[in-house]
Amino acid sequence: MCVPDDFTREPRLEAQDGASTEAEAVVQDLQSRVTDTTINSQTLLATDYLNHFNEIVMLLEMVPDMPECLEDVKEWQPKSYPDHFRDSSFSEKDLAIEAYHHAPAQFRNPFDDTVGRMNEVVAVGIERIERTLESGNREIISHAATAASRTLQKLMDIASAIIHGGTVTMDQDEIDTLLDG
């Protein structure tokens with residue numbers, strides 16, 4: 001899977017077995033602090049992270065008409081959630097990073113898995129587009145770029161649903177089917 005070297009699940013303080021702990025107090029504090037922000041108070045995740053992927057979707061969509069955009073696509077790099085916010089101008093970036101580290105596992109684990117799959121789709125999509133460029137056939141190039149873009153958009157929808165408290169996922173077979181389209 002194509003993920004940054006520092007894209008690891010950092011430990012989070014979570015209460016185990018319903019015990020009232022300091023971790024629960026931290027989560028409750030964060031839930032109150034994220035009120036009136038774009039950070040979801042249930043999941044402690046922010047949709048602003050998906051902006052990183054919106055960029056690559058737009059670039060992929062340009063490739064069929066402007067194959068030279070593939071160079072820009074290839075320059076795009078995966079970014080961990082904390083790194084995205086560290087590098088952003090998001091007004092609540094420090095709070096977003098802190099909240100992410102305490103996000104409930106029921107949301108963070110599928111979210112992190114979905115992000116990993118999104119990064120993988122980009123890597124596979126780039127490889128396929130590069131192979132199709134050699135053919136010179138615009139229709140084949142368009143198909144490869146569109147498949148990567150649509151699959152990435154579907155996964156972004158899933159990530160967004162998770163951020164908003166949903167439990168939707170997509171398995172690898174579904175991803176492969178979309179990419180092969």
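The values are calculated or read from the model by the stated rules, or taken from the named source; none is laboratory data. Note that this is a predicted model, so its numbers are computed, not measured. A quick note on method: Cβ atoms are made from the backbone with ideal geometry, for glycine too, and the neighbour counts reach across all protein chains shown. For the accessible areas, the whole protein counts, side chains as well, though only heavy atoms, and no ligand, DNA or RNA atoms are used. Shrake-Rupley method; radii C 1.70, N 1.55, O 1.52, S 1.80 Å.
Can Glu127 be described as out of contact with any helix residue (DSSP H, G or I) (no Cβ under 7 Å at 6 or more places or on another chain), farther than 12 Å from Ile163 by Cβ and surrounded by fewer than 16 Cβ atoms within 10 Å (Cβ to Cβ)?
yes
Within segment 156-166, how many residues are in contact (Cβ under 8 Å) with a residue 60 or more places away in the chain and aliphatic (A, V, I, L, M)?
4
Mind counting the residues in segment 66-104 that are open to solvent by 30 Å² or more (accessible area, probe 1.4 Å) and touching a His at 6+ places or on another chain (Cβ under 6 Å)?
1
Quickly run through segment 74-100 and pick out the residues that are over 16 Å from the mean Cα position of the chain (by Cα) and of a type outside the set (S, T, N, Q).
Listed by number, the residues that qualify are Lys74, Glu75, Phe90, Glu92, Lys93, Asp94, Leu95, Glu98, Ala99.
For segment 82-136, enumerate the residues that are part of a loop (DSSP other than H, G, I, E, B) and in contact with a Phe, Trp or Tyr (Cβ under 8 Å, 6 or more places away or on another chain).
The answer is Ala103, and nothing else.
Restricting to segment 135-157, what's the tally of residues that are modelled with pLDDT under 90 and small (Gly, Ala, Ser)?
Going through segment 135-157 one residue at a time, the tally reaches 2.
Can you pull out the residues in segment 12-63 that are in a loop (DSSP other than H, G, I, E, B), at pLDDT 90 or above, over 19 Å from Ala159 (Cβ atoms) and of a type in the set (A, V, I, L, M, F, W, C)?
Scanning segment 12-63 gives a single hit, Val63.
Which of (1) crowded, with 16+ Cβ neighbours inside 10 Å; (2) farther than 17 Å from Leu44 by Cβ does Arg108 not meet, given it meets every other one?
(2)
Please verify whether Asp48 is touching a Ser or Thr at 6+ places or on another chain (Cβ under 8 Å) and either among the polar types (S, T, N, Q) or open to solvent by 20 Å² or more (accessible area, probe 1.4 Å) (or both), treating the condition exactly as stated.
Criteria met by Asp48.
May I ask you to list pairs of residues, at least six apart or on different chains, whose Cβ atoms are under 6 Å apart, with the first in segment 136-148 being closer than 12 Å to Pro67 by Cα and the second being in a loop (DSSP other than H, G, I, E, B)?
The qualifying pairs are Ile141/Pro64; Ser142/Pro64; Ala145/Val63; Ala145/Pro64.
Give all pairs with beta carbons closer than 6 Å in which a residue from segment 21-47 that is within 10 Å of Ile163 (Cβ to Cβ) and touching a residue at least 24 places away in the same chain (Cβ under 8 Å) meets a residue that is among the hydroxyl-bearing types (Ser, Thr, Tyr) and part of a helix (DSSP H, G or I); count only pairs at least 6 apart in sequence or on separate chains.
Here the result reads Thr47/Ser160, each pair linking segment 21-47 to a residue that is among the hydroxyl-bearing types (Ser, Thr, Tyr) and part of a helix (DSSP H, G or I).
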